[in-house]
Amino acid sequence: MVDHKDEILIQQYLLGDLEGPEREAFERRLRSEEELVRLLESYTTLSNGLQSLDDPEPPADLWARRIRPAIAEQLHGTTDRPGSVLSFLGTLRSLFLQPAVVVTAFVVVILGITLLLQQQFISPRQEDNYERAMSNIQKLRDQFLAELDTLAMEMERRKPMLSPELRKVYDQTLKDIDESIAKAERFYFAYPDNSDAVQFLFAAYEKKVEFIEQFKQLEPLSPEA
Amino acid sequence: MEEKLIERCKHGDVRAFEDIYNKYGSKLYGMCLRMSGNEADAEELMQEVFVILLSKIKAFRGDARFSTWLYRITVNTCISHLRKKKFKQVPLDDEIETSGSLRVAPAPMAHRESLKRGIAGLPAGYRAAVIMHDIQGLNHREIAEIMGISVGASKSQLFKARRKLRDYLNGAMPTTAGGS
């Protein structure tokens, strides 16, 4: 007759927690007690069955359909609230780190504020157009991101063929461009309906595409490359 | 490598979150789906996990492994979700036998569907333990860290979960050696 204690022993045995004399005693019992063997088998079967349940893959579009928009909304609503003085200063501060973009950023901010003020008078028909425009921007952005992913993966495959110096240049430049993209994305999520913010973002993506494309031309590497 | 990814997340880089999704999404979705029992809720949970990740990432100091920390967010989100929704459970016996003889002969094989139904009927904590240990292959130390419990408590959760599952399967499936 097996009981609750035996069940604990079986689970300990399966987890490898039963050692020394306890394990030997348990294994001796297994040789003579049929009911104990059956109970052990039932737990082994259960364990094997559970291990055969693989992790299901999430839907292919889950990121694009639900998670990315939710993150964007969160960034828009809390981190970079449009019109917020802190957000405005924070954005300016990060952009001022790169003098080349400060003038553009200033113009973009002014235009953004103007656009936001104009939006208070948007008619329902204009709202439809607005939704369509935002949807088109999102689609274009998705296309850019997909293209960048493909290019980046292709370059990762080719990188081992580059000289160490070129690899270093590639990695460093790509890092700089990625930082610019991150800034542009923050700006875009703060002002998603600002045409200059959108252009700023796509210009950053384009820069990365151009850079990788140019680098691809260097391959296969010649000494002059 | 992961440190850079986390830094980019802290700076609000959406692509970094996407990288995290690509790296851990499958495991997290598996957890969400098995915890919630349906795809719609699993998607909602995944969205919630990433929104929480975004809001908490700046507080991540690297005291624990990032994957453990992310798992903890996921498990807590799932458990909280189940509590909020008062999730409908497949009726299993609530009482776990603590003494006396066992009532059922072993099932010949554990059918997947029965197993899934059995898992869906477990209380949230047991469910999380069995998913993490038996399906996703985490060890008790990792589970304890994720769930904020001791290793002993993790083993106990798993023990009780398996026992309930075994009882459920023996009741739900034909056996070779007779029923209860």
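The values are calculated or read from the model by the stated rules, or taken from the named source; none is laboratory data. Remember, it's a predicted structure, so these values are computed and weren't measured experimentally. Counting neighbours? That spans all protein chains shown, and the Cβs are built from the backbone with ideal geometry, glycine included.
Residues that are more than 22 Å from B:H133 (Cα to Cα) and touching a residue at least 60 places away in the same chain (Cβ under 8 Å) are absent from the stretch B:10-20. Pairs meeting the criteria (first residue in the stretch B:32-46 and on the phi > 0 side of the Ramachandran plot, second residue at pLDDT below 95, beta carbons under 6 Å, at least 6 apart or on different chains) are B:G37/B:A120.
So, A:R65, is that one modelled with pLDDT of 85 or more, over 44 Å from the mean Cα position of the chain (by Cα) and more than 7 Å from chain B (Cβ to nearest Cβ) or not? Considered against the rule, which asks whether it is modelled with pLDDT of 85 or more, over 44 Å from the mean Cα position of the chain (by Cα) and more than 7 Å from chain B (Cβ to nearest Cβ), A:R65 comes out as no.
Taking every residue in the stretch A:152-171 that is more than 21 Å from B:R15 (Cα to Cα) and pairing it with any residue that is modelled with pLDDT of 80 or more and among the aromatic types (F, W, Y), at least 6 positions away or on another chain, the pairs with Cβ-Cβ distances below 8 Å are A:K159/A:Y170; A:L162/A:Y170. Among residues that are outside the structural domain of B:G37 (by TED's automatic domain parsing), assigned to a loop (DSSP other than H, G, I, E, B), at pLDDT 85 or above and closer than 26 Å to A:E41 by Cβ, B:L158 is not included. If you go through the stretch B:55-94 and keep only what is closer than 15 Å to B:R34 by Cβ and either modelled with pLDDT of 90 or more or touching a Phe, Trp or Tyr at 6+ places or on another chain (Cβ under 9 Å) (or both), you end up with B:Y71, B:T74, B:V75, B:T77, B:C78, B:H81, B:V90.
Cβ-Cβ distances below 6 Å connect the following pairs, each with a first residue in the stretch B:130-155 that is more than 11 Å from every other protein chain (Cβ to nearest Cβ) and under 15 Å from B:I79 (Cα atoms), a second residue that is among the basic types (K, R) and part of a helix (DSSP H, G or I), and a separation of six or more residues or different chains: B:I146/B:R72.
With respect to B:L45, is the statement that it is at pLDDT 90 or above, within 13 Å of another protein chain (Cβ to nearest Cβ) and either assigned to a helix (DSSP H, G or I) or buried (at least 17 other Cβ atoms within 10 Å of the Cβ) (or both) true? Yes. Taken over the stretch B:6-15, residues that are at the interface with chain A (Cβ under 8 Å from one of its Cβ atoms) and either closer than 21 Å to A:A60 by Cβ or crowded, with 20+ Cβ neighbours inside 10 Å (or both) amount to 5. Of all residues in the stretch A:115-169, those that are farther than 27 Å from A:S195 by Cα, at pLDDT 80 or above and among the basic types (K, R) total 2. Look at A:E41 and say whether it is at the interface with another protein chain (Cβ under 7 Å from one of its Cβ atoms) and not in a loop (DSSP other than H, G, I, E, B). It is true that A:E41 is at the interface with another protein chain (Cβ under 7 Å from one of its Cβ atoms) and not in a loop (DSSP other than H, G, I, E, B).
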